[in-house]
Amino acid sequence: MLTGVELQEALRAAVRRPDPAARLLGVREAMGDCHRCRLCEGRKSLVFGVGDPAARLLVLGEGPGEQEDLRGEPFVGPAGAMLDGMLERVLGLRRHQVYILNMVKCRPPRNRNPQDDEIEACRPFLRAQLASVRPDLVLVLGSVASKALLGEGITAARGRWHGLAWPGGGARAMATFHPAYLLRKPEDKRLTFEDLKLVKAALDVLPPRS
Ligand code: URA
């Protein structure tokens, strides 16, 4: 398993590849059979990410749940069905048209929140995934991802744009409520709809890619 300088070099080489799918493949290969934090102990799959490697919108969740761990794909359980509906109804996008991933790639036991050291162990891979896909916009779902990426919980962060930078690039990020939270608290769907309308407006005026 690559660590330290070797890992940094492998990730740097991966994100320099000319093709987005090849960049992501390089990042996945650098991750290998990851044992960099305790979450590897209970996982069935390492849930890396799915969707269009060159997507203009990247969707970031917190960590895989039971269904995701079983199937090796993010957001395929009940929260995933809710996310698919949000993407389709408000943004007019199917899941294969965006890139979907999580802060941590392995399921936390009993679906607890990922801990800070687990998030930090996975962060180089998230950063390299961002630098591979090079999205224009990032949709951040829920408080865990919002705190880890934007430094603020969801109530403070949602509803406005944030700047996000990674080596060699950057994007604008919008935070909104996590679909799993909306399943428990449907009255907050109205606020999520407002956040997604801002994302839709931004998507609609993106200049063509050069
Ligand atoms: N919740 C998340 O944050 N991510 C998933 O992949 C599934 C549920």
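The values are calculated or read from the model by the stated rules, or taken from the named source; none is laboratory data. All figures in this text were calculated on a predicted structure; none of them were measured in a lab. Cβ placement follows ideal geometry from the backbone for every residue including glycine, while neighbour counts extend to all protein chains displayed.
Within region 53-66, can one find any residue that is surrounded by fewer than 20 Cβ atoms within 10 Å (Cβ to Cβ), modelled with pLDDT of 95 or more and either of a type in the set (A, V, I, L, M) or within 11 Å of the ligand (Cβ to nearest atom) (or both)? Yes, there is a match, as at least one residue in region 53-66 is surrounded by fewer than 20 Cβ atoms within 10 Å (Cβ to Cβ), modelled with pLDDT of 95 or more and either of a type in the set (A, V, I, L, M) or within 11 Å of the ligand (Cβ to nearest atom) (or both). Quick one: Ala81 ticks every box in (1) within 11 Å of the ligand (Cβ to nearest atom); (2) closer than 21 Å to Asn113 by Cβ bar one, so which box is it? Of (1) within 11 Å of the ligand (Cβ to nearest atom); (2) closer than 21 Å to Asn113 by Cβ, only one is false for Ala81: (2). Of the residues Leu11, Leu25, the single one that is crowded, with 22+ Cβ neighbours inside 10 Å, modelled with pLDDT of 95 or more and out of contact with any Lys or Arg (no Cβ under 7 Å at 6 or more places or on another chain) is Leu11. Checked against the criterion of being surrounded by fewer than 17 Cβ atoms within 10 Å (Cβ to Cβ) and either modelled with pLDDT of 95 or more or within 16 Å of the ligand (Cβ to nearest atom) (or both), the candidates Asp195, Asp117 yield just one match: Asp117.
Where strands (runs of 3 or more DSSP E) fall wholly inside region 94-170, the ranges with 1 or more residues that are among the small types (Gly, Ala, Ser) are 161-166. The one condition from (1) in contact with a strand residue (DSSP E or B) (Cβ under 8 Å, 6 or more places away or on another chain); (2) farther than 21 Å from Pro179 by Cβ; (3) within 15 Å of the ligand (Cβ to nearest atom); (4) among the aliphatic types (A, V, I, L, M) that Leu46 does not meet is (1). Scanning region 134-157 for residues being away from the ligand (no atom under 12 Å from the Cβ), in contact (Cβ under 8 Å) with a residue 40 or more places away in the chain and farther than 26 Å from Ala14 by Cβ gives a total of 0.
For region 67-78, filtering for residues that are within 11 Å of the ligand (Cβ to nearest atom), in a helix (DSSP H, G or I) and not acidic (Asp, Glu) leaves 3.
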